[in-house]
Amino acid sequence: MSRTIHALGGRVSAKVVLRKYRGGRGFRFRIADKAVEERLRTGLETVEAEIQRTISCASDSRVAELAGHVAAAGGKRLRPVLVLLAAEFGRPRHEGVTRAAAAVELIHIASLYHDDVMDAAVTRRGVVSANALWGNRMAVRGGDWLLARAAQLAAGLGQHIVHHNSRAAVRLVEGQLRELMGPGPDEDPVQHYFQVIADKTGELLASSLSLGALQANASTAHVDALAEYGARLGEAFQIADDLIDLLSPSERSGKDQGADLRAGVLSLPVLLARADHSPQGAELRALVSGGPVTDPWAHQRALDLFRDSWAVARTRTMMRDRVAHARFALTSLPPIPARAALDSLCDFVIDQAA
Ligand code: FPP
Ligand code: MG
């Protein structure tokens, strides 16, 4: 497994970098306490071992290879980090915390198998996607298998985890379906977009935080504040992801640049570009208003125009609004190192979309 944690910086303010994948950009946040940092490090190692154990116990080694492909490529493990940090608001030393973190990550990875089939993506996390390697039918089954294993893991942890995870999975699928179906006849496309991202990304992040806090017996007020933070961070994170799709070359993002554009996904910058009637936005509007941008020249031209566009600038502002809401949700929590770490995750999201 290529993922490691590097502790950088001084004695009181360690900067933790979770490597995204070989050669990829890191995932940075600060933890101003050695004991918490150590707990996070060992917690993540346990989560990793749990994920590996869950996958490797497949009855056929070829199933394990298929289902383990995306997990082995690395990944930020953002959701497990959120589970573990949320547990700091209660009693964090609990086997159920790391198991819950592994179950949440398995749901996320399962959704990526399905997502890459839907996007016809060729790369994921800097490696060839499962669908490109094994074909769509196998990739979908790989995702199904992971989802089923996540359910088994959760079932051993108690009813509330099953409840949280199943609700998150339902909303993930609903978000994805809503995205596919597009806005209803009277629905504002931007409002529709925000509903989609709340479902497909915000909910699992909120759920990760609630579960971590619940597993550690944190108070209801803390659980609620953390869920609110997670929902808003998730939205900001998804908006940043949409910007990365347009702005980051594949070597940096580990995904195909402009894949959403090519697939005709109406991400926020695309929606805003379509509604930009200024003379400066005219060429970009024309390029993105006709559905998927598949022609290689038009695709490259659109990517070039997006870079300095009003649509991208406005998307960044909307992302920062969500980040500000996420930060605000943290203010009701006690000022422990985990709160500062969650706050610094907001900086990471903003930096990513810079
Ligand atoms: C990545 O978003 C994908 C998601 C956040 C959710 C995808 C959900 C499904 C495909 C439904 C199936 C769900 C389960 C639980 C099996 P993105 O496509 O915007 O980001 P990307 O750039 O990483 O592809
Ligand atoms: Mg996708």
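Summary of computed values
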quantity	calculated
Two-decimal Rg to Rh for the stretch 198-286 - Kirkwood Rh, Cα set	1.16
Acute angle (nearest 10 degrees) that the helix 159-181 long axis makes with the longest principal axis of the chain, alpha-carbon atoms	10 degrees
Amide H contacts under 5 Å for VAL128, placed H, 5+ residues apart	none
Global form of the stretch 35-166, assessed from the alpha-carbon gyration tensor, a/c cut-off 1.5	prolate
J(HN,Hα) series, the stretch 270-280, from Karplus relation 6.51 cos²θ - 1.76 cosθ + 1.60, nearest Hz, glycine and proline x	5, 4, 5, 5, 5, 9, 8, 9, 6, x, 5
Relative contact order for the chain, counting Cα pairs under 8 Å that sit 6 or more residues apart, in percent	18 percent
Relative frequency of Cα-Cα separations exceeding 16 Å in the stretch 280-350, percent	61 percent
Length-normalised contact order for the stretch 35-160 - Cα pairs under 8 Å, 6+ apart - percent	28 percent
Relative contact order (%) - criterion: Cα under 8 Å, at least six apart; region: the stretch 71-116	43 percent
Folded to 0 to 90 degrees: helix 220-247 orientation relative to the chain principal axis, Cα	40 degrees
Average accessible surface area per residue within the chain, 1.4 Å rolling probe, Å²	43 Å²
ARG167 paired with ARG62, simple spin-label distance in nm, labels 7 Å along Cα-to-beta-carbon	4.0 nm
The chain: most fluctuating residue of ASP144, ASP60, ASP116 per GNM, C-alpha cutoff 10 Å	ASP60
Debye log10 I(q)/I(0) at q = 0.14 Å⁻¹ for the stretch 292-331, Cα point scatterers	-0.48
Percent carbon-and-sulfur accessible area, the chain, ignoring ligands, DNA and RNA, probe 1.4 Å	54 percent
Lysine pairs in the chain with Cα atoms under 22 Å, if 8 or more residues apart or on separate chains	9
Rg to Rh quotient for the chain, alpha carbon positions, Kirkwood Rh	0.96
Kirkwood Rh in Å, taken over the stretch 224-354 so that all alpha-carbon pairs contribute	15.6 Å
Ellipsoid equivalent to the stretch 235-287 - semi-axes via the Cα gyration tensor, in Å	21, 12, 10
Rg to Rh, two decimals, where the stretch 91-219 supplies the alpha carbon set and Rh follows Kirkwood	1.02
Choice from ARG28, ARG314, ARG327 showing the highest fluctuation, given a GNM over the chain with Cα pairs closer than 10 Å	ARG314
Candidates VAL170, VAL81, VAL140, ranked by Gaussian network fluctuation over the chain, Cα under 10 Å, top entry	VAL170
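The values are calculated or read from the model by the stated rules, or taken from the named source; none is laboratory data. Every value quoted in this text rests on a predicted model; they were computed, and no experiment measured them. Here Cβ is always computed from backbone atoms with ideal geometry, including for glycine, and neighbour counts include all displayed protein chains. Only protein heavy atoms, including side chains, enter the accessible area calculation; ligands, DNA and RNA are left aside. Shrake-Rupley method; radii C 1.70, N 1.55, O 1.52, S 1.80 Å.
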